[in-house]
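Chemist: Dropping the structure in here first, questions after.
The values are calculated or read from the model by the stated rules, or taken from the named source; none is laboratory data. Source: prediction; values computed, not measured. Neighbour counts run over all protein chains shown; Cβ positions are idealised from the backbone, glycine included.
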Protein chains: 2
Amino acid sequence: MSHQDDALVVFTPSGRRGRFPLGTPLLEAARALGVDIDSVCGGRGLCGRCQVDLCEGSFTKHGVESSANHLSLKSDTEWAWEKRRGALREGRRLSCSSQLLGDVLIDVPASSQVHRQIVRKRAEVLDIELDPIVRLYFVQVQQPDLHVPASDLRRLKAALEYEWHFSELKTDIRVVQQLQDALRRGDWGVTVAIHDDRRIIAVWPGFQERIFGMAVDVGSTTIAAHLCNLQTGEVVASAGRMNPQIRYGEDLMSRVSYIMMNPGGETVMTRVVREALCELASELASEAGVAVEAIIEAVFVGNPIMQSLVFGINPVELGGAPFALATDEAIDGLWATEIDLAIHPNARVYALPCIAGHVGADTAGAILSETPYLGEEMMLLVDVGTNAEIVLGNRHRLLAASSPTGPAFEGAQISCGQRAAPGAIERVRIDRQTLEPRYKVIGCERWSDEPGFEAEIAGHGVTGVCGSGIIEVIAEMFLAGVINAEGVIQGSLTERSPRVEADGRTFRYVLHRDGNRTLAITQGDIRAIQLAKAALYAGIRLLMEHYGTDHVDRIRLAGAFGAHIDVSYAMVLGLIPDCDLEHVTSAGNAAGTGGRIALLSRKARREIEAVVRRVEKLETATEPRFQEHFVAAMAIPHRSDVFARLAEHVDLPPRVARDAPSQGRAARRRRRRVDSSPLT
Amino acid sequence: MSHQDDALVVFTPSGRRGRFPLGTPLLEAARALGVDIDSVCGGRGLCGRCQVDLCEGSFTKHGVESSANHLSLKSDTEWAWEKRRGALREGRRLSCSSQLLGDVLIDVPASSQVHRQIVRKRAEVLDIELDPIVRLYFVQVQQPDLHVPASDLRRLKAALEYEWHFSELKTDIRVVQQLQDALRRGDWGVTVAIHDDRRIIAVWPGFQERIFGMAVDVGSTTIAAHLCNLQTGEVVASAGRMNPQIRYGEDLMSRVSYIMMNPGGETVMTRVVREALCELASELASEAGVAVEAIIEAVFVGNPIMQSLVFGINPVELGGAPFALATDEAIDGLWATEIDLAIHPNARVYALPCIAGHVGADTAGAILSETPYLGEEMMLLVDVGTNAEIVLGNRHRLLAASSPTGPAFEGAQISCGQRAAPGAIERVRIDRQTLEPRYKVIGCERWSDEPGFEAEIAGHGVTGVCGSGIIEVIAEMFLAGVINAEGVIQGSLTERSPRVEADGRTFRYVLHRDGNRTLAITQGDIRAIQLAKAALYAGIRLLMEHYGTDHVDRIRLAGAFGAHIDVSYAMVLGLIPDCDLEHVTSAGNAAGTGGRIALLSRKARREIEAVVRRVEKLETATEPRFQEHFVAAMAIPHRSDVFARLAEHVDLPPRVARDAPSQGRAARRRRRRVDSSPLT
């Protein structure tokens, strides 16, 4: 033990150090040194957020002999906390209850730091600090005094200023309405939620342990939501459900048409999606075992039409040129009740900004998640749905566009197409010699030529081909020579294989046949995929051209489609430009991840709001060069672009130079639809 | 005409002058010179707010030869405006449509100034500038362009920045929801309402002429409201109605008791008062011939309990010591929908701050109206209701208290008392010799001893005595010697006059008797008034003592009571301290006037918010000296205080020095009630 009146304390990982009088609580020493230690209860031993680890031993690097008996014994408060919440591990202490009795080395674990890191998925970019816009603070408020008629609110603010150094706080009227009851029920101790360091938005009697936030990705087909603990960043529940608007139209354009034809339809669609959001919130809360009122913040990402409908904005202007958004700003600090979201009655809502009429907050979310704006490498970020949102660039410039791929990649417009569900073919290989296929079906681990396959699929059979299966089968047909670079099924092969059959004036390739059904790839299916992939590739090319680059360093495929396709096949078909295959990866639900980052980090919100303003938007529908790129991209993989890196991994058929007139017609046909509406 | 390329323009009353190229519109010249001329439409000849007067002649003082033909002829726009809105008088022009062709002297009338004056009632204080927190701006917004995907909101803001120099504007989501439709219906011209130069809170297609605000004084008995044109400050409609909460209790304390005994009762009372506010809003709009949606702002004043109930705050804490307010801040910028007020759906609400548990926003309103904080003179501001709110001070210090006068001044607790209504006696004179009374009745111009009185009152008869009548009859009884300084009816007078009768063990004075009824002032009535006036006077005395002053320079009596009583009688009875009678005047509905000032002036809001923070609050219930002052004030006019100035006008009976034991008892009885609740 030190025989002096003060002792040395060294905090790691910050390395901050200082001498303090014996008896100083560690939390107080940490604050005096500016060491980042969390606390909600203000050092009352209630919240347990200020835990630290005492490191025992002789640390010559820090010049400190640290010993367990250099801290005060556990206080009653600390014992009470452990009794309530579980014993702390050896050496771990509540810093507010541990007083300095001698020199110590104290480690502040990440979980006790206010500004701990939210880990981003890629190692090469900076992590984001946990910095939720709503934080809890416990205070003990002075009781009212007949002789000093300061209101309850004024005394609450005085306590917040004294204990937490807040000044000039604003207060929701709803908090004022609840304040007197909370103060008296909490025996003058209350926990308040403060939004953006500026406004008291909620109050609870006594010590409130936890608050939560939900991040919601509102897609046209599905709505996915995550519930996060706002103090730890941890995802505590996830839930998803179909977007109930589907009953008014499968895709975005048909929903806008519904509104155009049914005045007031926008109100109905707003109502049903909000109802689904409420149900999701309940589901999340119930899964996490918390009250729905513990959710104090909700963040939304969605395409422009979904975002509009959630926020009660009629999306009809997005149904036709010039596709004007009502707003391209983030929606910030809105009361959840304004969108009828039944969470905490004073909760706030944030929505990421939309970028343009076709490039929504979901794309903003993906950009925030993937951070192309931080690096030097040329990143291509693609989210394939009914439209493909494309972002290209790096820290110097960022370009974005939407391309009207249509629903072919999702299995629609394909004769044997279906949604990804048990029974759907998802992987395909075609023997280059015999042209016989083998495949894998969702819900079954074996390939179709493996023993036991039939038995295993007996429950559902083979019912159709999902998006990734369609990409694979057509790419394999190309690699096996069943179709040529123009996508034409080679009728001459009927002699070589029973898999190739006449189908009216064209041909088809039979992938599967059993007593119930025949699943075949028709010439029409191939044309549909060609149109879709040409639209996607042309959009990408347009952005590359505008940027002035002829290559991309990295391709990230967002969304469900990106998660399931084999990227090499996508490249064989020419959906995406040539790139080192190792650098072509799925980004998962990047939009949703971006929403989650925005939920947990105020700084991230300001970051994406600023980045979005810098994004250069291209309107594919009116770009003169789009049509030219589109025609060239109808060929497989492309009429002229070279796929040198792909060729290192895949045996591509030899290139033939020919301009198929049928492609020109198809492109023109496609063009007309694109002009009339890129949302189709 | 000038033969130069430019011309001189001189603006009065500012005296600003400058030379401008020929052809410059006057509005543009005024702006360049910083001359205050209003405009909503931005110089498009739509709003007519920029009218100026051309002064013809030779003005040597200004060095200008001003002539009508030195301005351009009326343009088509100007003619169209006159056709629509009525011809302008000779010499008056729209400054936006009048171009400079030679030297001119231009007078800007007050009605065209943005910052014109709101006249306060007293000449000696500064006028307040018209500066409503919500103002209209018309802008022409760029149409959307497929190649520049800026949202409608972004282009609106760009227009507001370009035309009106607003930057960093925030926007209500409700405006975003309405924006696209408004822009298209207005052919890209819209009028927006901007709140506090910071936030767009409403949008209308095309040019919106006018917006209105309502100022509401929510009293426990009546609710009074005024509708003001926010651009001119003019009151365009007034309306009042009973507070429907009366069915739950006549006075404040009985309403709080109702809530204590009926949990949830606060919700009911909030609902009924809000319903009444909606009805008032409709009535005001209908009286002014405008849509209720044209009301974009509402300002509230009320006592703490009424204010709490309007804003959904349970007032039970105000029902007992320590009488803690939920908030003593102004309520600012709240959506009217938060209090279910059906005016413009995006309208905002402002409430003046409450001062203490018994001193409400109505007192803050009265302070704002009467401005004791501006002058050197010692002002006493009294609002008599069931409680009396008392404010004393000047620019150096301001003190406030509430004193529990009870409802006697309003005619309650008085045997023959009634509300001020036709048939009520309101004025009384008693012959010093015969002790015969004469009186005036509400609804009749004649005194009771004048010919034709009987015929004129035949419709309603003489039904009771209202508050001012009670003050007068008791004061006259004192002056005529019917009661002594202790308030005791002199039984010995039964011999001198049939008006004095035995009434059990005490006596009474018969004021009126007819076939239907006898109206008499009993000893109990006099005691009730003594208790009430002693409470009021004691409160005033306490404030004077705390300030350290023995006199007041001016007394302002606010409210209905103050408007109807004869101040000399109030002073004879000793309700108020001695003061030059010419300086004792009614302040009318000062609370409501304060609300109206706050409605029309942002600066006034900031002013009263700051003043209220400086007010020193005294709690009469616990002030040790209150009881002593109370006992001394039971005597008429007072046991010891001298009323020298009053005596110059009124023959006061000679003072007798005696401490009536009965007064001591009464005071102690009163004291107990005061301790348990000053709201009684």
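Chemist: Working only within region B:7-22, note down all residues that are over 34 Å from the mean Cα position of the chain (by Cα), under 16 Å from B:SER66 (Cα atoms) and either part of a loop (DSSP other than H, G, I, E, B) or not basic (Lys, Arg) (or both).
Modeler: B:ALA7, B:LEU8, B:VAL9, B:VAL10, B:PHE11, B:GLY15, B:ARG16, B:GLY18, B:PHE20, B:LEU22
Chemist: Show the residue pairs meeting these rules: Cβ distance below 6 Å; 6+ apart or different chains; first residue within region A:143-161 and more than 8 Å from chain B (Cβ to nearest Cβ) and part of a helix (DSSP H, G or I); second residue aromatic (Phe, Trp, Tyr) and surrounded by 14 or more Cβ atoms within 10 Å (Cβ to Cβ).
Modeler: If the second residue must be aromatic (Phe, Trp, Tyr) and surrounded by 14 or more Cβ atoms within 10 Å (Cβ to Cβ), the pairs left are A:LEU160/A:PHE166.
Chemist: Identify the single condition in (1) touching a Gly at 6+ places or on another chain (Cβ under 7 Å); (2) crowded, with 24+ Cβ neighbours inside 10 Å; (3) of a type outside the set (A, V, I, L, M) that A:GLY357 does not satisfy, given that it satisfies every other one.
Modeler: Among (1) touching a Gly at 6+ places or on another chain (Cβ under 7 Å); (2) crowded, with 24+ Cβ neighbours inside 10 Å; (3) of a type outside the set (A, V, I, L, M), the lone unmet condition for A:GLY357 is (1).
Chemist: Restricting attention to region B:166-224, and to residues there that are closer than 15 Å to B:ILE296 by Cβ and at pLDDT below 95, which single residue is nearest to the other protein chains (Cβ to nearest Cβ)?
Modeler: B:GLN208
Chemist: Let me ask something else. Can A:SER369 be described as more than 20 Å from A:LYS603 (Cα to Cα) and crowded, with 24+ Cβ neighbours inside 10 Å?
Modeler: no
Chemist: Read through the list (1) touching a Phe, Trp or Tyr at 6+ places or on another chain (Cβ under 6 Å); (2) within 14 Å of another protein chain (Cβ to nearest Cβ), then give the number of the only condition that B:VAL384 fails.
Modeler: In the conditions (1) touching a Phe, Trp or Tyr at 6+ places or on another chain (Cβ under 6 Å); (2) within 14 Å of another protein chain (Cβ to nearest Cβ), B:VAL384 misses (2) alone.
Chemist: Condition first: within 14 Å of chain A (Cβ to nearest Cβ) and either touching an Asp or Glu at 6+ places or on another chain (Cβ under 9 Å) or surrounded by fewer than 19 Cβ atoms within 10 Å (Cβ to Cβ) (or both). Now tell me which residues in region B:593-616 satisfy that.
Modeler: B:GLU609, B:VAL612, B:ARG613, B:ARG614, B:GLU616
Chemist: Among residues belonging to region B:472-515 that are aliphatic (A, V, I, L, M) and more than 41 Å from the chain's Cα centre (by Cα), point out the one that is farthest from B:GLY411 (Cα to Cα).
Modeler: The extreme case among them is B:LEU493.
Chemist: For B:ILE295, which of the numbered conditions (1) touching a helix residue (DSSP H, G or I) at 6+ places or on another chain (Cβ under 8 Å); (2) facing chain A (nearest Cβ under 10 Å) fails to hold?
Modeler: So B:ILE295 meets the others, but not (2).
Chemist: Looking only at strands (runs of 3 or more DSSP E) that fall completely inside region A:41-90, which ones have 1 or more residues that are charged (D, E, K, R)?
Modeler: Correct list: A:51-55, A:64-66.
Chemist: If you scan region A:125-142, which residues turn out to be buried (at least 20 other Cβ atoms within 10 Å of the Cβ), more than 14 Å from chain B (Cβ to nearest Cβ) and either more than 35 Å from the chain's Cα centre (by Cα) or among the hydrophobic types (A, V, I, L, M, F, W, C) (or both)?
Modeler: Within region A:125-142, A:ILE128, A:LEU130, A:ILE133, A:VAL134, A:LEU136, A:PHE138, A:VAL139 qualify.
Chemist: Sticking with this structure for a sec: Would you confirm whether or not region B:184-200 contains a residue that is part of a helix (DSSP H, G or I) and within 25 Å of A:PHE323 (Cβ to Cβ)?
Modeler: Within region B:184-200 (the criterion being part of a helix (DSSP H, G or I) and within 25 Å of A:PHE323 (Cβ to Cβ)), the answer is yes, since at least one residue qualifies.
Chemist: Please give the number of the condition B:GLY240 fails out of (1) of a type in the set (Gly, Ala, Ser); (2) closer than 30 Å to B:ASP38 by Cβ; (3) part of a strand (DSSP E or B).
Modeler: With (1) of a type in the set (Gly, Ala, Ser); (2) closer than 30 Å to B:ASP38 by Cβ; (3) part of a strand (DSSP E or B) applied to B:GLY240, the lone miss is (2).
Chemist: So B:VAL301 fits all but one of (1) under 24 Å from B:ARG613 (Cα atoms); (2) within 14 Å of chain A (Cβ to nearest Cβ); (3) of a type in the set (A, V, I, L, M, F, W, C); what number is the exception?
Modeler: The single condition B:VAL301 does not satisfy is (2).
Chemist: Now for a separate question. When you scan region B:312-343, how many residues do you find that are of a type outside the set (A, V, I, L, M), crowded, with 24+ Cβ neighbours inside 10 Å and more than 9 Å from chain A (Cβ to nearest Cβ)?
Modeler: Of the residues in that region, 1 qualify.
Chemist: Please find, within region B:91-128, the residue that is modelled with the lowest pLDDT out of those that are more than 18 Å from B:VAL64 (Cα to Cα) and in a strand (DSSP E or B).
Modeler: Filtering first and then ranking leaves B:ILE118.
Chemist: Could you tell me which numbered condition B:ALA458 fails, if it satisfies all but one of (1) without any contact (Cβ under 8 Å) to a residue 12 or more places away in the chain; (2) more than 20 Å from B:THR518 (Cα to Cα)?
Modeler: (2)
Chemist: Continuing with the same structure: List the number of the failed condition for A:GLU28; all other conditions in (1) of a type in the set (D, E, K, R); (2) at pLDDT 90 or above; (3) in a loop (DSSP other than H, G, I, E, B) hold.
Modeler: All conditions pass for A:GLU28, except number (3).
Chemist: If B:LEU380 meets every condition in (1) over 26 Å from B:PRO653 (Cα atoms); (2) at pLDDT 90 or above; (3) outside any strand (DSSP E or B) apart from one, which number is that one?
Modeler: (3)
Chemist: Now for a different question. Return yes or no: is A:ILE246 under 30 Å from B:ALA324 (Cα atoms) and either hydrophobic (A, V, I, L, M, F, W, C) or in contact (Cβ under 8 Å) with a residue 12 or more places away in the chain (or both)?
Modeler: Considered against the rule, which asks whether it is under 30 Å from B:ALA324 (Cα atoms) and either hydrophobic (A, V, I, L, M, F, W, C) or in contact (Cβ under 8 Å) with a residue 12 or more places away in the chain (or both), A:ILE246 comes out as no.
Chemist: What single numbered condition from (1) under 24 Å from B:VAL114 (Cα atoms); (2) touching a residue at least 40 places away in the same chain (Cβ under 8 Å) fails to hold for B:GLY34?
Modeler: (2)
Chemist: What do you reckon, is A:ALA475 in a loop (DSSP other than H, G, I, E, B) and touching a residue at least 40 places away in the same chain (Cβ under 8 Å)?
Modeler: Considered against the rule, which asks whether it is in a loop (DSSP other than H, G, I, E, B) and touching a residue at least 40 places away in the same chain (Cβ under 8 Å), A:ALA475 comes out as no.
Chemist: Right, another one. Any chance region B:620-629 includes a residue that's in a loop (DSSP other than H, G, I, E, B), more than 30 Å from B:ASP332 (Cβ to Cβ) and modelled with pLDDT of 95 or more?
Modeler: Within region B:620-629, not a single residue is in a loop (DSSP other than H, G, I, E, B), more than 30 Å from B:ASP332 (Cβ to Cβ) and modelled with pLDDT of 95 or more.
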